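Trainee: Have a look at the structure that comes next, please.
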Amino acid sequence: MRMTILLTAAGLLLAGPARTLAQTTDYRSDNGESPFVRLIRPDRPGQTITTNMLYPGQFQLETGLNSYDRTSSVGYAGRSAWGSTLRVGFFNHIELRATQNYLLTPGGSRPLTGEGAPAPYTGPAGFAPLNVGAKFLASTVQNSRSQVVVLLDMNLRNGNASFGEKQYEPGGRLLVSQQIGQRFGLEGNFGFRQRGFKAEGTKQGQYLTTLALNGPLTASNHVGFFAETYATWQRQQGWLPGVTSGVYWRPIPGLRVDVTAGHGLTGAAGGFTIGGGLSARFGK
């Protein structure tokens, strides 16, 4: 709980100057060629979604495989999933996006049938419900040193039939960032997602707060790091804090490969999570 209070306080302190500075700093005068802006910044691999927004005509594909411990409080507990996000730059400082997860059928030993053959797996598998959404620039200047972005998204009711009790799940986040120097960045998210559109759906909703630091480890900016702390809250579970960290390699400005690991900070927050992925940006 103490860590969550610190996270929230840090985010509030960040949101104020972010809103002010984003309205007064013109990226074209001194920030357009900074590595933090020019180099690819994907929304993967942790819980934090970046304030980075694509320009019209640009699109970005982010894909990766994540494996979650059986006690994980994020992702798909005890399972591995491919996650892919397509981001498209739109006019009027809007970015459209779609995220699709593919849940792998777990391997390992299974109960045997009367004939001695492994029993068929009956849990969810295949394509999960699609998530669609959009980022909206709340600041007056895109890619300024401080930026505020609003993300609105929704989980749809499609996907494999093995995913039961499907509901529309609307959600929203406030994304804030503060550039540190020319290459490092501090980013935070504050969000909520609920089940369905009725008032009782809020009782099953989940709050999320994150704070992440990222930047290069070498002067060439090809190798860098990502470190994040986050916490989720639901009425039934309370606060579940965790951390995620990793390294990435950027051979060119529009391409990034990353490897990450995470762990819950309490017993209830879950165990180990590992992942790796690829992000590529196209267009000018």
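The values are calculated or read from the model by the stated rules, or taken from the named source; none is laboratory data. On a predicted model such as this, the values are computed, not experimentally measured, just so you know. With ideal geometry, Cβ positions are generated from the backbone for all residues, glycine too; neighbour counts draw on all protein chains shown.
Trainee: Residues 275, 191, 242, 172: which one is touching a His at 6+ places or on another chain (Cβ under 9 Å) and either among the aromatic types (Phe, Trp, Tyr) or part of a strand (DSSP E or B) (or both)?
Mentor: After applying the criteria, what remains is 242.
Trainee: Then there is this: Given 241, 251, which one is modelled with pLDDT of 95 or more, exposed (fewer than 13 other Cβ atoms within 10 Å of the Cβ) and of a type outside the set (Val, Ile, Thr)?
Mentor: Selected residue: 251, the only one of 241, 251 that is modelled with pLDDT of 95 or more, exposed (fewer than 13 other Cβ atoms within 10 Å of the Cβ) and of a type outside the set (Val, Ile, Thr).
Trainee: Right, something else. When residue 71 is evaluated against the numbered criteria (1) among the β-branched types (Val, Ile, Thr); (2) surrounded by fewer than 18 Cβ atoms within 10 Å (Cβ to Cβ); (3) under 19 Å from residue 176 (Cβ atoms), which criterion, by number, is the only one it fails?
Mentor: Status for residue 71: all satisfied but (3).
Trainee: Let me ask you something else. Take segment 251-272 and flag every residue that is closer than 15 Å to residue 43 by Cα, part of a strand (DSSP E or B) and not polar (S, T, N, Q). Give the steps one after another, and end with the answer.
Mentor: First, the residues of segment 251-272 that are closer than 15 Å to residue 43 by Cα: 254-260.
With part of a strand (DSSP E or B) added as a condition, the list becomes 255-260.
Scanning segment 251-272 gives 255, 256, 257, 258, 259.
Trainee: Provide a single number: the residues in segment 132-151 that are modelled with pLDDT of 95 or more and over 13 Å from residue 51 (Cα atoms).
Mentor: 2
Trainee: If we keep just the residues of segment 226-238 that are assigned to a strand (DSSP E or B) and over 16 Å from the mean Cα position of the chain (by Cα), which is surrounded by the fewest Cβ atoms within 10 Å (Cβ to Cβ)?
Mentor: Per the criteria, the residue is 238.
Trainee: Right, here's the next one. Between a residue in segment 195-209 that is within 10 Å of residue 169 (Cβ to Cβ) and any residue that is in a helix (DSSP H, G or I) and not small (Gly, Ala, Ser), which pairs come within a Cβ distance under 6 Å, given they are 6 or more apart or on different chains?
Mentor: So the pair list comes out as 195/204.
Trainee: What's the number of the condition residue 225 fails, among (1) in contact with a Lys or Arg (Cβ under 8 Å, 6 or more places away or on another chain); (2) within 19 Å of residue 185 (Cβ to Cβ)?
Mentor: Going through the list (1) in contact with a Lys or Arg (Cβ under 8 Å, 6 or more places away or on another chain); (2) within 19 Å of residue 185 (Cβ to Cβ), residue 225 breaks only (1).
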